[in-house]
Amino acid sequence: MARKMECIAMLLAGGQGSRLGILTKNIAKPAVPYGGKYRIIDFPLSNCVNSGISTVGVLTQYQPLELNDYIGNGQAWDLDRANGGVHILSPYQQIKGTEWYKGTANAIYQNINFIDRYSPEYVAVLSGDHIYKMDYNKMLEYHKENNAACTIAMLEVPWEEASRFGLMITNEDNSIAEFEEKPKNPRSNKASMGVYIFTWSKLRQYLIDDEADPDSSNDFGHDVIPKMHANGERMFAYLFDGYWKDVGTIDSLWEANLDLLNPKVDLDLSDPTWKIYSRTPVAPPHYVSADATVQNSMIAEGSRVFGEVDFSILFSNVTVEEGAVVRDSIVMPGTVVKSGATVQYAIVAENAVIEKDAVVGQRPEDMEDLNEWGVAVVGSGVTVGEGASVAPKAMVDADVRKGDK
Amino acid sequence: MTGKNIVGIVFSNAYDECLSELTGLRTMGSVPFACRYRLIDFALSNMVNSGIEKVGVVTKSNYQSLMDHLGTGKPWDLSRKTEGMFLLPPFSTASSGSNGDKIASLKGIMGFISRSTEEYVLFSDCNSVLNIDIEELMDYHMEKGSDVTIVYKNGKMPALSNVIVMEMNDSGKATKIAVSPVTEDNVNYSLNVVLMKKSLLERLMHEAISLNYNDFEADIIQRNVNKLNIYGFEAKGYATTIDSMQTYFKANMELLNPENCDHLFDKERPVYTKVRDDMPAIYGLGSNVKNSLIADGCIIDGEVENSILFRGVRVEKGAVVKNSIVMQGTYVAQDSSLSYVVADKSVVITPGKTLSGAENYPIYIGKAIVI
C-alpha cells in the first residue's frame, strides 16, 4: 500500500483524435505537438503538478508508443516521485482475458486497483485533449465545501457555439439541474470542460454498478454521470473563467496555436507561477539572419530563419531558407522549408521537407470559392517536391512529387 | 564507447580573474554563454558525449551559482547510481593558487582520482569553448603511443598566464614547449583539454609534491617534453579561449555565423544545459530582428540586431538592442537603446536610456542593476 493521497488524477489519454486525420496516424491525440514546444498533454500534466496533485495515472490505448516515450518517468513535469508520480496505465491481461478500455468509465474501472493503492478521498478525471491552465485545487476546495459526489468544471461558451458541447443547466446554488448533450436549441451556454472531481467512495460504487450493467456503454458522459444525477447525488458545476480550447479538429488546432500570438487571448505561457512543463529538446538558441523578416510569430530553439515568417509558430529545429515564406502556419519540429517555397494557412508536421518553390496551402483571399478553402496539412516525414503544390484543405501523408498538385 | 575508461576532471574556477566582471558572483564555469548555456556545459557535454560516466568538478570559490546550475547532474545524464558527477569543493587544508594553477587543485583531489577505477584522466578548463570528439582524441592518443595528449588550436595566443605553447614535428609530437611566451605570431596553444593515463598523473604528481613544484604547465608538462611522449591534437572549426571581456564578447558574436554555430552545436554531439521550461520566443507585430541568436522565453517588440539574447529577455516597442549580449531576464524598456553592451542577468533598462560602448570595449552592466 502506498502512502495515502487526498486526491489523485486519472488522465484519459487513449483517444485517437480521428478528426485530426494524418496528424494522429501514428500518435495519440494528447501527444500532438502544440505551441512551439509543447504537446497537448503537457497542459493537464502541468496543471496537476501546479495544483499539488503529484499522483497521476495516464490511461493510454491508441498508439501509445510516442506518448509513453514522451512521458518517460515524468521527470520533465517533476512527476518522478518516490511515492506516486506519473504512471502509464495501459489495458492489461487478466485472468478472465484481455480487455481493451471499452469506454472512459471502463478505463477507470479497470484501474480501480491502482487508485485504491493510494486510498484517495477524491479522484480527478481529466481529459488529455484540451489546452487550458486551471487550478484543480480550487475546484477540489469547492467540491469539498459542497460536500459533492461529483463536481464538473464548466465554462460559458458563446451561445452560437453552445450546440456543439455537452451543456449543463444549473440551479441557483450551481448544483446541476439537467444535462443536455449537444442540443439543437441550447437552453444553457455552460459547457462541460471534461474535468471532473469525484468523491472516490461514490465513484467506485458507480463504476462497479456500471460495469455490471450490460446496456451501458461504459462512458462517463453517457452513463455514469446521468446515473449519478438520476439517483439524486450531490452534483455541482464549477465555473471556470479563462482560456480553454478543445483541439479536436485541424481548424481548432490551427486556431489554438495562433491564439498564442493574440495578445487579447488569455493564455500566458510565460507566467512563472504557472509554468507549462514539457520535455525540452536539446537544441541551441534559434537564429534569425540579417535578411530574414519575422513578424508576430513564435519560434522555438534550434530553428533557423533566413526567409520570411509572419503570424506563424515554428517548433524546434525548423529551417526556413532564404526566399521562403511561412505565414499563418504551424510548422512542427525538424521541418525544412526550402528557398522560394511558400507555406500558408497550413499545418506541417514533423520532419517534412518542402522543396524549392513548392506551395502549401492558400490564402482565403486568393480563393475563388471559399467553400473549397481550409487549412492544408502535410504529414510527418513527407516531402513536397520542387515546384509542387498542396491544395488548401488537403491532407498529404505521402510524398508529393516534383510539379504535382 | 571509450569514455567508460576515462574519468573527467573539470576545473570550474580556472582563470576566473580574466573575466572579473562576470566572475564577481560566479565561477568561470557558470559564466553565461551563447543565449542559454554556461561555459561548463561545453566541457561536460564533450565528456558525456564520448561516454564518460564519471566527472569530478573542481571548485574553489564562488560556486553557489555553479551548484545551482549543475544540480544533481541530471541534464548531462550524470545523476547516476554508479559514477556520475562529483562536486569537489576545496578542502580547508588545500591552498589553491591562482591563474589556473592546477597542482594545488590537484593535490586536493588526488584521492578522488586514485580511487577511480578508470584507466585514463581527461582535464578540461571552462574558459575554452569547443565541441570535440573525445573518442577521436582517445584513438589518436593510442595510435601515437602518446603519454600526454594536449588539444591545441593554431592562432594568436590568449593573454593568459600558464598557457602551453607547443612546437611539434610532423607526427604531432611536441618537440619544444613554452609557457606563455611573449609572441605576436600564430602559435599552437593549448586549449587545456589534456588526456593522460591515471597512473602517469599519479607518478607526476608524487614527483611534483616531493620536489615542491607548484606549476603544472612549467614543472610537469614543459619539464618533461623530452622524457614523455607529448602529442598535440588539433581542435578544428570553432574553438576559442576566453581571456578577457573582449574575447568573451567576440566568442559570443562569432556564433552569429551559422557555420560556427553548426560546429559548436554539432547535432551528433549536442550540448546539454539546465532546463528552464520557458515558452518559445515571441516576436510581436512591428518587431525587427536581424542577425541574432535568441533563446526561449524572450518577448521582442522592438528592434534587435547582431545580438545574443538569453532566456526571458524582454525588448519593448521602440527599444533598440544592437551588437549586444543581454542575459537572462533582462528588461529593455521602450525607447531605450543599447549598443556594444553586455548586460548581466535581470538588468532593468528604464525607458529612454541610451548606453553605448565600443566594439573593443563593450560596456558591462552588473547583475540586477536598474538603469
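The values are calculated or read from the model by the stated rules, or taken from the named source; none is laboratory data. Not measured: the values here are computed from a predicted model. Neighbour counts run over all protein chains shown; Cβ positions are idealised from the backbone, glycine included.
Out of the range A:24-44, which residues are in a helix (DSSP H, G or I) and either away from chain B (no Cβ under 12 Å) or of a type in the set (F, W, Y) (or both)?
A:T24, A:K29, A:P30, A:A31, A:F43, A:P44, listed by residue number.
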_Kindly evaluate B:L39 against the criterion of being on the phi < 0 side of the Ramachandran plot, surrounded by 23 or more Cβ atoms within 10 Å (Cβ to Cβ), within 14 Å of chain A (Cβ to nearest Cβ) and not acidic (D, E)._
no
*For the range B:254-277, name all the residues that are part of a helix (DSSP H, G or I) and free of Cβ contacts under 8 Å to residues at least 24 places away in the same chain.*
B:E254, B:P258, B:E259, B:N260, B:D262
*Within the range B:30-50, is even one residue without any contact (Cβ under 8 Å) to a residue 60 or more places away in the chain, part of a loop (DSSP other than H, G, I, E, B), touching a helix residue (DSSP H, G or I) at 6+ places or on another chain (Cβ under 7 Å) and more than 28 Å from B:D139 (Cα to Cα)?*
no
_B:N131 vs. criteria under 18 Å from B:G3 (Cα atoms), in contact with a His (Cβ under 8 Å, 6 or more places away or on another chain) and within 14 Å of another protein chain (Cβ to nearest Cβ)_ = yes
*Considering B:I103, B:I109, which residue is out of contact with any strand residue (DSSP E or B) (no Cβ under 6 Å at 6 or more places or on another chain), farther than 30 Å from B:M279 by Cα, of a type in the set (A, V, I, L, M) and touching a residue at least 24 places away in the same chain (Cβ under 8 Å)?*
B:I103
*Going through the range A:51-84 one residue at a time, which ones are over 19 Å from A:I27 (Cβ atoms) and touching a helix residue (DSSP H, G or I) at 6+ places or on another chain (Cβ under 9 Å)?*
A:S51, A:G52, A:I53, A:S54, A:T55, A:V56, A:G57, A:Q75, A:D78, A:L79
*asked:* Going by what's in this entry, would B:N306 be described as farther than 30 Å from A:K264 by Cβ and within 14 Å of chain A (Cβ to nearest Cβ)?
replied: yes
*Of all residues in the range B:213-228, which are assigned to a loop (DSSP other than H, G, I, E, B), in contact with a helix residue (DSSP H, G or I) (Cβ under 9 Å, 6 or more places away or on another chain) and at pLDDT 90 or above?*
B:L228
*Do you know which of the residues in the range B:6-29 that are part of a helix (DSSP H, G or I) and buried (at least 24 other Cβ atoms within 10 Å of the Cβ) is nearest to the other protein chains (Cβ to nearest Cβ)?*
B:G29
*Within the range A:42-91, track down each residue that is hydroxyl-bearing (S, T, Y), touching a residue at least 60 places away in the same chain (Cβ under 8 Å) and crowded, with 24+ Cβ neighbours inside 10 Å.*
A:T55
*Checking A:T342 against (1) under 26 Å from A:I40 (Cβ atoms); (2) touching a strand residue (DSSP E or B) at 6+ places or on another chain (Cβ under 7 Å), the condition it does not meet*: (1)
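Mind checking which residues of the range A:278-291 are part of a loop (DSSP other than H, G, I, E, B) and either more than 7 Å from every other protein chain (Cβ to nearest Cβ) or within 17 Å of B:R311 (Cα to Cα) (or both)?
From the range A:278-291, those part of a loop (DSSP other than H, G, I, E, B) are A:278-285, A:289-291; that's our starting set.
Within the range A:278-291, A:S278, A:R279, A:T280, A:P281, A:V282, A:A283, A:P284, A:P285, A:D291 qualify.
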_Out of the residues in the range B:291-303 meeting the condition of being without any contact (Cβ under 8 Å) to a residue 24 or more places away in the chain and within 27 Å of the chain's Cα centre (by Cα), tell me which one is nearest to the other protein chains (Cβ to nearest Cβ)._
B:G297
_Sole exception among (1) buried (at least 18 other Cβ atoms within 10 Å of the Cβ); (2) in a loop (DSSP other than H, G, I, E, B); (3) within 8 Å of another protein chain (Cβ to nearest Cβ) for B:R311, by number_ = (3)
*From the residues in the range B:233-253 that are in a strand (DSSP E or B) and among the hydrophobic types (A, V, I, L, M, F, W, C), which one is nearest to the other protein chains (Cβ to nearest Cβ)?*
B:A239
*So which helices (runs of 4 or more DSSP H) are wholly in the range A:57-157 and hold at least 2 residues that are of a type in the set (S, T, Y)?*
A:104-109, A:136-145
*Top-ranked residue of the range B:341-356 - restricted to ones that are free of Cβ contacts under 8 Å to residues at least 60 places away in the same chain and crowded, with 19+ Cβ neighbours inside 10 Å, ranked as farthest from B:V320 (Cα to Cα)*: B:V347
*Which ranges mark the strands (runs of 3 or more DSSP E) fully within the range A:307-389 that have 3 or more residues being away from every other protein chain (no Cβ under 14 Å)?*
A:342-344, A:346-348, A:376-378
